[in-house]
1. Would it be correct to say that I119 is under 15 Å from A162 (Cβ atoms), crowded, with 16+ Cβ neighbours inside 10 Å and either in contact with a helix residue (DSSP H, G or I) (Cβ under 6 Å, 6 or more places away or on another chain) or modelled with pLDDT of 90 or more (or both)?
2. Given the criteria in contact with a Leu (Cβ under 8 Å, 6 or more places away or on another chain), outside any loop (DSSP other than H, G, I, E, B) and not charged (D, E, K, R), does I119 qualify?
3. Out of I129, I146, I86, I114, which single residue is open to solvent by less than 100 Å² (accessible area, probe 1.4 Å) and without any contact (Cβ under 8 Å) to a residue 24 or more places away in the chain?
4. Return a yes/no flag: does region 67-75 have any residue that is modelled with pLDDT under 85 and in contact with a helix residue (DSSP H, G or I) (Cβ under 8 Å, 6 or more places away or on another chain).
5. Can you pull out every residue in region 40-81 that is farther than 21 Å from P97 by Cβ and open to solvent by less than 60 Å² (accessible area, probe 1.4 Å)?
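The values are calculated or read from the model by the stated rules, or taken from the named source; none is laboratory data. Keep in mind that what you see is a predicted model, and the values were worked out from it rather than measured. We place every Cβ from the backbone using ideal geometry, glycine too, and count neighbours over all the protein chains shown. What goes into the accessible areas is simple: the full protein's heavy atoms, side chains included, and nothing from ligands, DNA or RNA. Shrake-Rupley method; radii C 1.70, N 1.55, O 1.52, S 1.80 Å.
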Amino acid sequence: VIAYITLREYSKRKEHASSNQGLSPKKHASHHISHTNLCAQIDRYAYMNALAKVSPTTKIFFALSMLVISVLSPLPEIPILIFLVITALIVFYAEIPSRFYFNLLFYPLLLVAISCVFIALFFGFGDPIVQVPFPWFTWSIYGNGITMAYSAFFRVLGAISAQYFLV
């Protein structure tokens with residue numbers, strides 16, 4: 001099924017490209033070019049940074065251990081510390097431009113932040129902080145739901161930075 005869909009989309013793109021030969025390449029494939037450019041930038045930084053000569057085994061072990069520690073940590077301070085250390089390693093030691101690194105972090109963290117807002121507003125138990133009555137139900141916001149969202153956000157922040165270190 002996946003192969004069929006892929007081949008069908010490929011043939012549609014090929015037909016569309018042949019029918020739009022009069023268009024400028026920038027108008028036709030701007031998304032593809034920008035995606036390719038991002039991949040090329042990531043590859044360039046991966047192969048030409050100050051950590052490129054460090055053993056891959058060491059980098060994999062470090063990144064995976066930071067990932068596991070971040071995800072399993074009971075306190076949000078530990079993933080924050082992991083994020084700060086890995087960010088310092090990436091930006092200062094590996095000499096990856098900070099603007100590029102933080103641009104890579106933007107979209108994943110935006111999705112995580114939106115998810116954490118839903119966790120804070122709709123999950124939890126115990127004594128509610130706020131209750132909003134509706135005719136068909138009462139919406140309650142719990143303190144531990146907010147704590148759960150806060151902790152989840154920073155766990156994911158530490159985990160994403162560990163994955164970017166591996167990349």
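1. no
2. Taking the combined requirement at face value, the residue does not satisfy it.
3. Answer to the check: I114.
4. Looking for residues that are modelled with pLDDT under 85 and in contact with a helix residue (DSSP H, G or I) (Cβ under 8 Å, 6 or more places away or on another chain), one finds none in region 67-75, hence no.
5. Correct list: S55, F62, S65, M66, L67, S70, S73, P76, P79, I80.
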